[in-house]
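Take a look at the structure set out below.
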Amino acid sequence: VATIYIPMAELVDFEAERKRINKELEEVEKKLAQINGKLSNEGFLAKAPAQVIEEQKANQIKLNEKAKLLKESLAKLG
């Protein structure tokens with residue numbers, strides 16, 4: 001087994017990567033806020049078909065996971 005070390009600072013622009021991740025995180029959080037708003041709205045829940053509500057809940061779960069991964073990526077970049 002061999003271990004290879006690659007100097008990442010020369011290959012990756014960390015500041016550009018942080019900006020990209022932050023921008024993506026903002027978009028995810030904006031979409032998540034919209035979904036949370038819908039799911040906390042009694043009128044929406046009363047009128048929307050069950051399938052639409054389930055799709056919103058599934059999207060909520062996916063976006064929460066994506067936000068978590070993006071935050072972890074930011075933490076790793078320092």
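With the convex hull drawn around the C-alpha atoms of the chain, the volume per residue stands at 112 Å³. Helix 50-77 and the longest principal axis of the Cα set of the chain meet at an angle near 20°. Taking 23 Å as the limit for the C-alpha separation, the pairs LYS31/LYS71; LYS38/LYS76; LYS31/LYS57; LYS47/LYS71; LYS19/LYS57 exceed it in the case of LYS38/LYS76; LYS47/LYS71; LYS19/LYS57. Per-residue Karplus couplings for region 20-35, computed as 6.51 cos²θ - 1.76 cosθ + 1.60 with θ equal to phi - 60°, are listed in order as 4, 5, 4, 5, 5, 5, 4, 5, 5, 5, 5, 5, 5, 5, 5, 5 Hz, Gly and Pro entered as x.
Read-outs: derived from the displayed coordinates by stated rules, not from any lab. Everything quoted here is computed from the prediction, not taken from an experiment.
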